[in-house]
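The values are calculated or read from the model by the stated rules, or taken from the named source; none is laboratory data. Bear in mind that the values here come from a model prediction, so they are computed numbers and not experimental data. A quick note on method: Cβ atoms are made from the backbone with ideal geometry, for glycine too, and the neighbour counts reach across all protein chains shown.
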Amino acid sequence: MTGIILHHYEASPFSQKVRCFLGLKGLAWSSVITPNMMPKPDLTPLTGGYRRAPVMQIGADVYCDTQVILAEIEAIAPQPPAATGPAWAVNFWADRLFFQTTVPVIFGELGDAVPRAFIEDREKLSGRPFDVAAMKAAAGVMRPQWRAHAAWIDRGLATQPFLSGETPGLADVAAYMNVIWLDRALPATAAALMAGLSRLPAWRERMAALGEGIRTEMAPHVALEIARDTRPRIPPAHDPADPLGLAPGTHVTVMADDYGRDPIAGALVAATPDRLVIARDSAELGALHIHFPRAGYIAVRAKPI
């Protein structure tokens, strides 16, 4: 089986989450560094236009959003078990509520140093102004909220070394993402907001000790060649009770429901309760299957591409 290729960049908190999960699993993977802003000429041909990082590639299968990336890693490497049902809810909380609290805390302090090109890129990505003044104003309100989220983690460690129990799991990896992001960006602020949360420091060290698996660098063109020279894997079974009544072969457009709403069009391969798989075909790369999660994504019928 063709190995895991992660298209990512170092500072991305969501990329860090996947790297941590790969460390938990002890997996070997190939690293393709993608720019932190558009254009991304070696990524968007794979995704059909999806531009958020990270993206995971296994041959001619492309996985967009960390939710489906982590689910696929768990499926292909189920030992040690890491992703239980409730942990997915923790993951969604970390991706949405905790992340949205962390953003103004960080950029409220660092926003003046952010390059203009990055600001313009993120405005296009979100569809909203990247308002540093507003984030500075919000930071004061969000700091106590950030501490409240961190306190939930601390309480979850009262009787066990990890949120998932005696061994680390998805809940730990998801919660760790925002903690380590703030700690690396603003260590003094992180220390102040976690003061008195006595279980967090040792947990943070245990999570850091997981590492990132066995990483090998790969040139972007090599990843594209692998996609071109590989056929998509057998897809999951289609759900006949799909709430939208989608059937394989239906032309659909898929997009995120929060930000980065670039519409990705293709023919439906399979819809399951937690995943959408669409097929795209290009002269450059041939047939690709692109995977999206259901939670947090919208699919609508579209005209054939």
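Considering every residue within the stretch 118-127, establish whether at least one is part of a helix (DSSP H, G or I) and either touching a helix residue (DSSP H, G or I) at 6+ places or on another chain (Cβ under 6 Å) or within 15 Å of V18 (Cα to Cα) (or both).
Looking through the stretch 118-127, none of the residues is part of a helix (DSSP H, G or I) and either touching a helix residue (DSSP H, G or I) at 6+ places or on another chain (Cβ under 6 Å) or within 15 Å of V18 (Cα to Cα) (or both).
Against the test of being among the polar types (S, T, N, Q) and without any contact (Cβ under 8 Å) to a residue 12 or more places away in the chain, the options T102, T34, T44, T84 yield a single qualifying residue, T44. Going through (1) loosely packed, with under 15 Cβ neighbours inside 10 Å; (2) within 27 Å of G85 (Cα to Cα); (3) of a type in the set (V, I, T) one by one, V222 falls short only on (2). Taking (1) assigned to a strand (DSSP E or B); (2) crowded, with 23+ Cβ neighbours inside 10 Å in turn, I69 satisfies each apart from (1).
Have a look at L110, L70 and point out the one that is aliphatic (A, V, I, L, M) and closer than 20 Å to V254 by Cβ.
Only one candidate qualifies: L70.
Scanning the stretch 1-31 for residues that are assigned to a helix (DSSP H, G or I) and without any contact (Cβ under 8 Å) to a residue 60 or more places away in the chain, we see that the one that is farthest from W181 (Cα to Cα) is V18. Of G286, G249, G296, G196, which residue is at pLDDT 95 or above, surrounded by fewer than 19 Cβ atoms within 10 Å (Cβ to Cβ), assigned by TED's automatic domain parsing to the domain that holds A148 and farther than 23 Å from E10 by Cβ? Of the residues listed, the single one that is at pLDDT 95 or above, surrounded by fewer than 19 Cβ atoms within 10 Å (Cβ to Cβ), assigned by TED's automatic domain parsing to the domain that holds A148 and farther than 23 Å from E10 by Cβ is G196. Taken together, R215, R228 contain a single residue that is within 25 Å of H8 (Cβ to Cβ), under 23 Å from the mean Cα position of the chain (by Cα) and either assigned by TED's automatic domain parsing to the domain that holds A151 or at pLDDT 95 or above (or both), which is R215.
Scanning the stretch 129-154 for residues that are free of Cβ contacts under 8 Å to residues at least 24 places away in the same chain and either more than 29 Å from R116 (Cβ to Cβ) or among the basic types (K, R) (or both) turns up P144, A148, W152. Listed here are the helices (runs of 4 or more DSSP H) enclosed by the stretch 167-257 that have at least 1 residues being of a type in the set (D, E, K, R) and under 21 Å from W152 (Cβ atoms): 170-185, 200-208.
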